[in-house]
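What follows is a short report on a single structure.
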Number of protein chains: 2
Amino acid sequence: MASTILSDCSSSSAARILPFHMIRSTNALRFRCSVFLHPKTPNPRQIHGKSLAFTPVAMTTETSAKVIDGKSIAKQIRDEITSEISRMKDEIGIVPGLAVILVGTRKDSQTYVRNKKKACEAVGITSHEVNLQEDCTEEEVIKYISGFNNDPSVHGILVQLPLPRHMNEQNILNAVNIEKDVDGFHPLNIGRLAMQGREPLFVPCTPKGCIELLHRSGIDIKGKRAVVIGRSNIVGMPAALLLQRQNATITIVHSSTKNPEEIIRQADIVISATGVANLVRGSWIKPGAVVIDVGINPVDDPESPRGYRLVGDVCYEEVAKIASAVTPVPGGVGPMTIAMLLSNTLESAKRLHNFK
Amino acid sequence: MASTILSDCSSSSAARILPFHMIRSTNALRFRCSVFLHPKTPNPRQIHGKSLAFTPVAMTTETSAKVIDGKSIAKQIRDEITSEISRMKDEIGIVPGLAVILVGTRKDSQTYVRNKKKACEAVGITSHEVNLQEDCTEEEVIKYISGFNNDPSVHGILVQLPLPRHMNEQNILNAVNIEKDVDGFHPLNIGRLAMQGREPLFVPCTPKGCIELLHRSGIDIKGKRAVVIGRSNIVGMPAALLLQRQNATITIVHSSTKNPEEIIRQADIVISATGVANLVRGSWIKPGAVVIDVGINPVDDPESPRGYRLVGDVCYEEVAKIASAVTPVPGGVGPMTIAMLLSNTLESAKRLHNFK
């Protein structure tokens, strides 16, 4: 059944509130974009304080894009991992292990760590958890990292970010043995990712998840124009490097880019990782392009029990009418990140035990 | 005096031969493009075997671009280095040292090594040279590298490439202590170059030279559209990363790029590093763009005493009429590469001896 839905992504007015609904039709997930932003959300007409020109978009009622169902693809990957771990245990008696270090009591970090632990258990990875006080020293964190570096039952080490302000993130991340750096954030990994003829030991989880979504949705990358919006160390930059390794022609759009929408409109593949709710409008997208939305942004929603809901960087309703395929938020890239963490941990255990 | 010159960069016919002249006028260097390619030069209508559409260009007689004089800028930099080295020697009694390892008897490599040695002597850097037989082992090369790694009078180590085929280049380059990797090719350096908030110990010499040419010619990079043609580990990729660090919006064009000329035509800054003679046509350039030509390509020239001459990737005559600034070949990027090697060696000595 095709549903007629309202579309509104013009989000400058905080006075307007529209409810959020997710309507599952026979062939697509459909969303209404809210226009009431969470107080912490930057003005979506700006990238990092830079004004952007908005083009009004005509409202239509048809959604044409294929929805890339990250939840279902991630489940498929987790099932494959479960079966590989079982084979590994049977053949060589080894169970992959992931150590997670959490410093402090941030609620969101606690939730992420809990979710990672649950996901590990579900696929058969042993998780090792360390919770440290907010006011502990850098040396204490590094002491635990060293312990895990030397522990043969640990194949991946993850330090939950952000760290408390008194700590030097770089010192701490650099302490992780590169052979157990399942986050793939070590500069040596990023360097190998950037270079032809070199192979990184690990690819950062979120960009790896984006590429996996493209692959498993049968989307060719070679020779395509790809635009990555955002140039962070953990998503934008490695995503661009990965697309380039797959022979896309990449452009990285960022806070200093003039007329980003003109550049984005040339792309066959768009990956957005800005953290700005509803930034990418339908009018910015070339008809038929594929859009991967990495953003998970809270916007106020009085109708939600939590008082807010999560939306992407992409104005989904508008873009779904223009793109050939698009990831929803939630349920797109999000579930892939943890699946790729599990995949990296398994890969590490296989490599460290020379298991094919 | 303004000279009227012939322009011909359409270079598919090996049967046509035009002489090459360099004519110095009061305000610009002017070139005639030869159309007779050196047998080793790939077809300039292709990038790595891929056909490209060529647009005929109307001939005009005016050259409007400022010529970026790499020779003179490199001299200025060498003078600055000479004076810094002299200050260092006076204040702490240290003289920077560069070790160069040459394996085999390739004529071009011998010339490069000789030129580097001469350049070192001219600025006051002590050069240490090792010449090894073509058939020596990888272990022998690595033994010399280890010796230089441990020698406090050596601040930079350079292995002249290409190495003989029986050697693993990666193993050899990885043996160079990252604190003496003045070539900047180590993946850890490239990773740091790619990442925000990280600083590479060294930036590869040729791309560093390109950016220095822009800086010293007063060309703003921030917010500009920049296209890098070619994605090699030693020029294209690090050049793109450097431009991005300077807040340009970068696109990397390569052998799998469709319609490269359309993308290049959007650029405010073009850096070409393909090794294909006369590839970049005037019609590919946006009026007023800045064009940096990294290519040094031999083309047959019966009128030259050597039987060939060197041209860039860029069809200079055409581009000089469209661009606002352009580097000539020779005399553009070339002299900058050695100047940057000297600069990296000085920088290394300063860092290792904590000299400000």
Handout entry: Residues being open to solvent by less than 70 Å² (accessible area, probe 1.4 Å) and at pLDDT 50 or above - total across the range A:40-82
Key = 12
Practice task
Residues being open to solvent by less than 10 Å² (accessible area, probe 1.4 Å) and assigned to a helix (DSSP H, G or I): count how many of those fall in the range A:306-345.
Solution key: 10
Problem - Cβ pairs under 8 Å, 6+ apart, first in the range A:245-268 and at the interface with chain B (Cβ under 7 Å from one of its Cβ atoms) and small (G, A, S), second open to solvent by 20 Å² or more (accessible area, probe 1.4 Å) and in a strand (DSSP E or B) - result: A:S256/A:K50
Practice task
State whether the residues of the range A:134-155 include one that is in a loop (DSSP other than H, G, I, E, B), within 14 Å of another protein chain (Cβ to nearest Cβ) and more than 25 Å from A:G334 (Cα to Cα).
Solution key: no
Exercise for the section: Could you please give the count of residues in the range B:132-163 that are within 27 Å of the chain's Cα centre (by Cα) and over 24 Å from B:I338 (Cβ atoms)? Expected result: 2
Completion exercise
For strands (runs of 3 or more DSSP E) lying entirely in the range B:217-299, having 3 or more residues that are closer than 20 Å to A:I229 by Cβ and open to solvent by less than 10 Å² (accessible area, probe 1.4 Å) picks out B:225-229, B:249-253
Handout entry: Breaking point among (1) open to solvent by less than 70 Å² (accessible area, probe 1.4 Å); (2) within 30 Å of B:P298 (Cα to Cα); (3) of a type outside the set (K, R), for B:E121
Key = (1)
Completion exercise
B:R165 fails exactly one of (1) without any contact (Cβ under 8 Å) to a residue 40 or more places away in the chain; (2) open to solvent by 10 Å² or more (accessible area, probe 1.4 Å); (3) within 12 Å of chain A (Cβ to nearest Cβ); (4) within 24 Å of B:G275 (Cα to Cα), namely (3)
Completion exercise
Scanning the range B:222-244 for residues that are within 8 Å of chain A (Cβ to nearest Cβ), touching a residue at least 40 places away in the same chain (Cβ under 8 Å) and touching a helix residue (DSSP H, G or I) at 6+ places or on another chain (Cβ under 7 Å) gives B:M237, B:L241
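Suppose we filter the range B:180-216 for residues that are outside any helix (DSSP H, G or I) and more than 16 Å from the chain's Cα centre (by Cα); how many remain?
The number of residues fulfilling the criteria is 9.
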Exercise for the section: Go through (1) over 26 Å from B:G184 (Cα atoms); (2) part of a helix (DSSP H, G or I) one by one and return the number of the condition B:E303 breaks. Expected result: (2)
Completion exercise
Quick count over the range A:181-213, residues being crowded, with 23+ Cβ neighbours inside 10 Å, within 10 Å of chain B (Cβ to nearest Cβ), hydrophobic (A, V, I, L, M, F, W, C) and under 21 Å from A:I145 (Cα atoms), is 2
Handout entry: Conditions (1) touching a residue at least 12 places away in the same chain (Cβ under 8 Å); (2) within 30 Å of A:Q133 (Cα to Cα); (3) away from every other protein chain (no Cβ under 11 Å); (4) surrounded by fewer than 23 Cβ atoms within 10 Å (Cβ to Cβ); number of the one not met by A:I178
Key = (3)
Practice task
Please find, among B:L132, B:L158, the residue that is surrounded by 20 or more Cβ atoms within 10 Å (Cβ to Cβ) and assigned by TED's automatic domain parsing to the domain that holds B:E179.
Solution key: B:L158
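The values are calculated or read from the model by the stated rules, or taken from the named source; none is laboratory data. Remember, predicted model here, so these are calculated numbers, not experimental data. Don't worry about glycine lacking a Cβ; one is built from the backbone with ideal geometry, like all the others, and counts go over all protein chains shown. Ligands, DNA and RNA are excluded from the accessible area calculation, which covers all protein heavy atoms including side chains. Shrake-Rupley method; radii C 1.70, N 1.55, O 1.52, S 1.80 Å.
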